[in-house]
1. Taking only Cα atoms, what is the 0 to 90° angle, nearest 10, from helix 259-268's long axis to the longest principal axis of the chain?
2. So for VAL104, VAL153, VAL218, fewest C-beta neighbours within 10 Å to most, what's the order?
3. Under the Karplus relation 6.51 cos²θ - 1.76 cosθ + 1.60, θ = phi - 60°, what is the ordered set of whole-Hz ³J(HN,Hα) values for region 192-201, x standing for Gly and Pro?
4. Could you give me the percent of Cα pairs per 10 Å distance bin for the chain, shortest bin first, beginning at zero and ending with the bin that holds the maximum distance?
5. Express in nm, to one decimal, how much length is gained between HIS99 and GLU149 on full extension, taking 0.36 nm for each residue of separation and deducting their alpha carbon distance.
6. Could you size up the charge dipole of region 112-223 around its Cα centre, putting +1 on the beta carbon of Lys and Arg and -1 on that of Asp and Glu, and report it in debye to the nearest 20?
7. Starting from the Kirkwood Rh over alpha-carbon pairs, what translational D in µm² s⁻¹ does region 112-223 have by Stokes-Einstein at 4 °C and 1.567 mPa s?
8. With r defined as the distance between the Cβ atoms of THR207 and SER235 and R0 fixed at 45 Å, what FRET efficiency is calculated, to the nearest 0.05?
Amino acid sequence: MGLTVVYLCYLCRRDRLRSTSRHSPKHYQPMQKFFEYNLVDNIDVVRLDAQNGEHIARVVNCLNPHSFVTALDDAEFKSALAGSDYVLPDGVGVCKAMHWFGGVRIGKIAGDDIHRHLLRQVAEREGRVFYMGSSEEVLKGIVERLKREYPGVEVRTLSPSYCERLSEEESSAIVAKVNEFGPDVLFVSMTAPKQEKWVARYREQLTGVQMIASIGAVFEFYGGGVRRAPKWMVSIGLEWLWRLVREPRRMWRRVFVSGPRFVRWVRRHRSEL
């Protein structure tokens, strides 16, 4: 087992080093097709000053092996992911599948990465952000940290009900509060696939928002005292192992059930890449 982990570390590190020179300017594409999804291959394309031509909020969602296989059995979730303006390759398994079966090397872009990327853009314009999801305690931690790190950013928060699906009444109230505030970015954390489905249902009603990003556990990373994996583990593709050790009850199914199913499905359909 120990030798296997060491070998996997070597492979991930090798591919990461090679990826720095994988594209020539002539052939480089900031988005890469991965079955139904357009994966972001360069985080810099996700900008608040970009336009989608439809005058509605642009949507950012994350894709990892677990969400990929969940979407295979959930048509609404699959539609929500496929309808995103930006889908982030938030899983080393997705990146490896693109390389091994699609012949294209892409780097992982985590929810934490896009959160900080968008916060920096909002801070440049001294804009507004709205955090919807998680607990009041976590949201309080987010507000306190934002005051220290981005004092020019105005923030509002809301902790919704903990249930399988928010009622129409509660959702309408949330939409009204968000629109009244008019944030540059709405960050959503209600776990997948609940958060992606909610955003897809109410995206067109969120007329006061420029961008919506479903980032799940990032709320806890940023404001709840939950540590993300050390940078060295992230850099060699072992963030999943860190989370498995720290959250075994939550992560074991993702790693040992969704992971193998993802590999089998991609191998079977690799001709479609």
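The numbers here are math on the coordinates, done by the rules we state, and not lab data. Just so we're clear, the structure is a prediction, and the values are computed from it rather than from any experiment. Positions of Cβ are backbone-derived with ideal geometry, glycine not excepted, and every protein chain shown enters the neighbour counts.
1. For 259-268 against the chain, the angle is about 70 degrees.
2. On the way: VAL104 17, VAL153 21, VAL218 27.
Arranged by neighbour count, lowest to highest, VAL104, VAL153, VAL218 become VAL104, VAL153, VAL218.
3. 3J(HN,Hα) across region 192-201, in whole Hz: 7, x, 4, 5, 5, 5, 4, 4, 4, 5.
4. Calculated P(r), rounded to whole percents: 6, 29, 37, 22, 6, 0.
5. On the way: separation 50, 0.36 × 50 = 18.00 nm, distance 3.65 nm.
That works out to 14.3 nm of additional length.
6. Working: 15 positive and 18 negative charges, 29 e Å.
The dipole magnitude comes to about 140 debye.
7. 93
8. Details: r = 40 Å, r/R0 = 0.89.
With R0 = 45 Å, the Cβ-Cβ based efficiency is 0.65.
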